Amino acid sequence: MESTNGPSPALSGIESSPLYNPDLAPVPAERRTWGTYNYAALWVSMAHCIPTYMLASGLISNGMSWQQALFTILLGNTIVLIPILLNSHPGTKYGIPFPVFARASYGTVGSNLPALMRAVVACGWFGIQAWIGGQALQVFFRSLWPSWPTAIPGSFGGHTPTEWISFLLFWGINILVVYRGMDLLRKVENWAAPFVLVMTALLVWWAIASAHGLGPILAQKGKFTSTHEFWKVFVPSLTAMIGFWATLSLNMPDFTRFGRGQREQAVGQVVALPTTMTVFAAMGVVITSASAIIYGKAIWDPVELVGKFTQPWIVAISMFTVVIATLSVNIAANVVSPANDFANAFPRLITFRRGGLLTGVIGIIMQPWKLLADPTGYIFNWLLGYSGGLGSIAGVLIVDYWIVRKRELSVRDLYLRDGIYGEWNWSGIIATLLGCAAAWIGLVVPALRTLYDYAWFVGFAVSFAVYYGLALTRDATTGELDMDA
């Protein structure tokens with residue numbers, strides 16, 4: 001492992017650079033206060049969200065048994081943990097956020113390509129989580145005021161005015177936390193993680209007790225009649241599971257820059273991510289299976305399930321839990337990165353706070369209620385589709401940092417237009433574009449559909465190989481390795 005706090009870069013002379021602002025600056029040693037528990041709590045809080053709870057539903061509806069669904073979720077999250085840990089390292093060593101880290105492999109201007117690609121995905125996710133949180137608030141208000149849903153007559157876009165009010169209110173709470181900064185985020189994650197876990201465990205206990213058993217979904221076998229049929233669903237499903245956290249596999253430096261040391265951030269993430277994702281998805285399977293006995297149909301949406309309770313206090317507490325769970329994951333996973341990414345594109349105009357507000361606005365424009373309308377489309381179009389692009393970025397970042405540069409970066413030059421990294425590193429740009437092309441070509445060429453099913457793997461492999469090949473070519477031509485165009 002590297003030294004606990006990494007080097008202390010001399011910042012004199014770069015404060016006036018157009019590539020610098022305080023939110024993008026390296027975190028000094030005295031501000032690196034995140035330990036093992038903080039990173040474990042971060043992942044527990046991010047994994048304890050409605051999309052995780054409902055992940056297995058999409059897989060089971062496509063023919064998997066619950067065992068196959070949970071195995072796919074566990075394997076996907078174990079695989080994506082590898083690039084997460086590899087890209088976490090420079091954050092802790094140098095105290096720099098993701099878009100600044102990307103300047104080494106893409107150039108100081110070229111880094112906006114991966115940063116903005118990551119930001120657009122985060123905006124979509126922000127909108128999805130904000131809509132889910134708004135629905136939870138809607139049920140929460142209904143538990144306190146039964147006539148709330150019809151308090152304002154009419155409808156807009158297929159939803160009542162009070163639904164839109166609940167959505168915008170939850171959206172506003174997210175923005176408020178962003179404006180309070182990263183320290184408040186750390187505090188929210190620390191107490192939200194155990195709170196949500198305990199409340200979900202109570203819901204599992206209620207479901208099993210009320211159903212007097214575990215229900216039909218656990219007894220249901222997979223629908224596949226051959227290995228070939230299973231493989232056709234398993235491969236894109238596995239890729240989609242990787243896509244679920246492919247976003248964080250890029251921008252974990254946004255969090256690990258606050259870490260006290262490499263061991264703390266690595267142990268916290270290894271312990272928490274795969275286990276929490278699988279256990280929480282399993283809780284969703286158990287509760288839904290019991291709901292099929294209690295209500296005569298399987299209810300995968302916990303907001304809908306809790307809405308069937310008759311005791312207002314139970315509904316209120318449950319929906320408060322959903323709100324906290326959704327808020328914690330939304331801020332951590334979907335605001336921190338794009339806020340830094342937008343700031344990287346316009347350092348003198350956009351601060352972290354303004355970047356967070358811009359994320360929220362774009363999240364609304366992307367109409368998350370439509371993304372969530374079809375669970376199958378959510379997994380096989382949204383998650384699978386963007387995983388190819390993010391895998392193409394991960395391949396470049398990892399090969400550049402770990403193999404080409406051997407973990408050595410000049411932090412000062414990352415903030416200078418005329419530094420050693422230059423404005424554009426065309427090797428990174430070309431490798432990423434070719435990776436994206438290979439991952440997505442199956443959308444337009446049916447014969448190559450298999451490549452799309454493996455989108456993240458294909459994008460990662462192609463960009464990794466192309467970037468490394470260009471590095472070797474340049475090395476052979478110049479006699480020394482200089483990837484900085």
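The values are calculated or read from the model by the stated rules, or taken from the named source; none is laboratory data. Just so we're clear, the structure is a prediction, and the values are computed from it rather than from any experiment. Reconstructed Cβ throughout: ideal geometry from the backbone, glycine too, with neighbour counts over all protein chains shown.
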- Task: Filter segment 388-420 for residues that are closer than 22 Å to G469 by Cβ and hydroxyl-bearing (S, T, Y) and give the result.
- Result: S392, Y401
- Which condition number does W300 fail, the rest of (1) touching a Pro at 6+ places or on another chain (Cβ under 9 Å); (2) within 17 Å of A69 (Cβ to Cβ); (3) surrounded by fewer than 21 Cβ atoms within 10 Å (Cβ to Cβ) being met? (3)
- Residues in segment 230-257 that are at pLDDT 95 or above and outside any helix (DSSP H, G or I): how many? 2
- Query: Got a sec? Which of I299, I324 is closer than 29 Å to I173 by Cβ and in a loop (DSSP other than H, G, I, E, B)?
  - Reply: I299
- Task: Please tell me if F141 is without any contact (Cβ under 8 Å) to a residue 24 or more places away in the chain, among the aromatic types (F, W, Y) and surrounded by fewer than 24 Cβ atoms within 10 Å (Cβ to Cβ).
- Result: no
- When you scan segment 337-359, how many residues do you find that are surrounded by fewer than 24 Cβ atoms within 10 Å (Cβ to Cβ), touching a residue at least 60 places away in the same chain (Cβ under 8 Å), within 22 Å of F170 (Cβ to Cβ) and of a type outside the set (F, W, Y)? 2
- Message: Here is a list: A266, A292, A272, A246. Which entry is among the aliphatic types (A, V, I, L, M) and surrounded by 24 or more Cβ atoms within 10 Å (Cβ to Cβ)?
- Response: A246
- Could you check how many residues of segment 115-158 are among the hydrophobic types (A, V, I, L, M, F, W, C), within 24 Å of W313 (Cα to Cα) and either out of contact with any helix residue (DSSP H, G or I) (no Cβ under 8 Å at 6 or more places or on another chain) or part of a helix (DSSP H, G or I) (or both)? 11
- Message: Out of everything in segment 178-225 that is of a type in the set (V, I, T) and within 24 Å of the chain's Cα centre (by Cα), what residue ends up being modelled with the lowest pLDDT?
- Response: V188
- In segment 202-229, the residues that are assigned to a loop (DSSP other than H, G, I, E, B) and either at negative phi or surrounded by 16 or more Cβ atoms within 10 Å (Cβ to Cβ) (or both): L214, G215, Q220, K221, G222, K223, F224, T225, S226
- Sole residue being within 29 Å of D23 (Cβ to Cβ) and in contact with a helix residue (DSSP H, G or I) (Cβ under 8 Å, 6 or more places away or on another chain), chosen from L349, L273: L273
